């Protein structure tokens, strides 16, 4: 088990059960998504999948009624997908997770190194030790000091994980792993054999996950409070149209400068500038810390991959080539499912990444 997988494994709390079959569950802001894969001699194979929209209130509310409705929606999409196993790996939204790469002195003994990290980890997270689950993974040597190692430290509030466990166990499910969405995105979207840097950009409804990787490991994980709904609200306000109309126009025309005389692009330009500024800030941080290592591409997922003109706009403003990333690059998808998956593939990256875990 690699160090990165060990971090994911530990974030499963004390649920250290090895399973042969499980499915992935991504409880998003406006949809529930499930994916089940099998692993054979030729890699991953898609077994089952499903997605179902939900009211945004259900994913954020802790009210008993809303939790019951959320549970019913989860059970519904599982049944609709034809998933029968009760073992499940779930994602943790980046807004609920704190993650940072820190450097600590290297020591000869692995046990001593783990003890050092455990002692210092609490200094790096904005939560009390008894209020959060804190885990870490050694991801490599420091790029600037060969006497130190880089450690990815992550934490999530106990209140969130316990709430999710209560909900899912109440549905008769057995949670075998809990993992930050950013790590699942990295596993699903990062191409094999990448040695330089990549920036993963997954735009959701209310927030954007930004992950900068080097090799196979994340080196910077951020959650930016800008999402598709931010653009919808800006278009509604600046064009004086209904929210539903703004939603439809953005999905159809995106931010292409030659559509609707550029009015749609201008209406959301301040949001785009904010997003691009955060991307540039992240690129600058990476370039400063890892001198001589370039970011070869921006891998887009979520709404970033489907809004017309958005990838091109980001490429133009950052000077880093962008491309729509597919979560199926490691998965054999039956020909009969490929057309059905096309409209929703960009929304399934977290679920696919969770499902690609080995040795849960």
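Restricting attention to segment 207-230, does a residue exist that is more than 15 Å from the chain's Cα centre (by Cα) and either surrounded by fewer than 15 Cβ atoms within 10 Å (Cβ to Cβ) or without any contact (Cβ under 8 Å) to a residue 24 or more places away in the chain (or both)?
no
Specify the residue that is nearest to residue 347 (Cα to Cα); the eligible residues are those in segment 285-318 that are assigned to a loop (DSSP other than H, G, I, E, B) and in contact with a helix residue (DSSP H, G or I) (Cβ under 9 Å, 6 or more places away or on another chain).
First pass over segment 285-318, keeping only residues assigned to a loop (DSSP other than H, G, I, E, B): 290-294, 307-309.
With in contact with a helix residue (DSSP H, G or I) (Cβ under 9 Å, 6 or more places away or on another chain) added as a condition, the list becomes 293-294, 307-309.
Details: 293: 30, 294: 27, 307: 12, 308: 16, 309: 18 Å.
This residue is 307.
Determine whether segment 283-298 contains at least one residue that is surrounded by 14 or more Cβ atoms within 10 Å (Cβ to Cβ) and farther than 23 Å from residue 195 by Cβ.
Looking through segment 283-298, none of the residues is surrounded by 14 or more Cβ atoms within 10 Å (Cβ to Cβ) and farther than 23 Å from residue 195 by Cβ.
Consider residue 360 against the criteria (1) surrounded by 20 or more Cβ atoms within 10 Å (Cβ to Cβ); (2) modelled with pLDDT of 95 or more: it satisfies all of them except one. Which criterion is unmet?
Here residue 360 clears every test but (2).
Are any of the residues in segment 211-226 under 13 Å from residue 310 (Cα atoms), touching a strand residue (DSSP E or B) at 6+ places or on another chain (Cβ under 7 Å) and at pLDDT 95 or above? Walk me through how you get there before you give the answer.
Our first condition is that a residue be under 13 Å from residue 310 (Cα atoms); within segment 211-226, this holds for none.
Among the residues of segment 211-226, not one is under 13 Å from residue 310 (Cα atoms), touching a strand residue (DSSP E or B) at 6+ places or on another chain (Cβ under 7 Å) and at pLDDT 95 or above, which makes the answer no.
Do you know which residues across segment 310-332 are surrounded by 17 or more Cβ atoms within 10 Å (Cβ to Cβ) and more than 13 Å from residue 276 (Cα to Cα)?
Within segment 310-332, 325, 326, 327, 328, 330, 331 meet the criteria.
Go through the residues of segment 137-148 one by one and say whether even a single one is surrounded by fewer than 14 Cβ atoms within 10 Å (Cβ to Cβ) and assigned by TED's automatic domain parsing to the domain that holds residue 85. Walk me through how you get there before you give the answer.
As a first pass, look at segment 137-148 and keep what is surrounded by fewer than 14 Cβ atoms within 10 Å (Cβ to Cβ): 144-147.
Now drop any that are not assigned by TED's automatic domain parsing to the domain that holds residue 85, which leaves none.
Within segment 137-148 (the criterion being surrounded by fewer than 14 Cβ atoms within 10 Å (Cβ to Cβ) and assigned by TED's automatic domain parsing to the domain that holds residue 85), the answer is no, since none of the residues qualifies.
Would you mind listing the strands (runs of 3 or more DSSP E) fully within segment 114-196 where at least 1 residues are in contact with a strand residue (DSSP E or B) (Cβ under 8 Å, 6 or more places away or on another chain) and free of Cβ contacts under 8 Å to residues at least 24 places away in the same chain?
Because the criterion is at least 1 residues that are in contact with a strand residue (DSSP E or B) (Cβ under 8 Å, 6 or more places away or on another chain) and free of Cβ contacts under 8 Å to residues at least 24 places away in the same chain, the strands (runs of 3 or more DSSP E) in segment 114-196 that meet it are 132-141.
The values are calculated or read from the model by the stated rules, or taken from the named source; none is laboratory data. Just so it is clear, the structure is predicted and the values come from calculations on it, not from any experiment. Ideal geometry is used to build each Cβ from the backbone, glycine not excepted, and the neighbour counts take in all protein chains shown.
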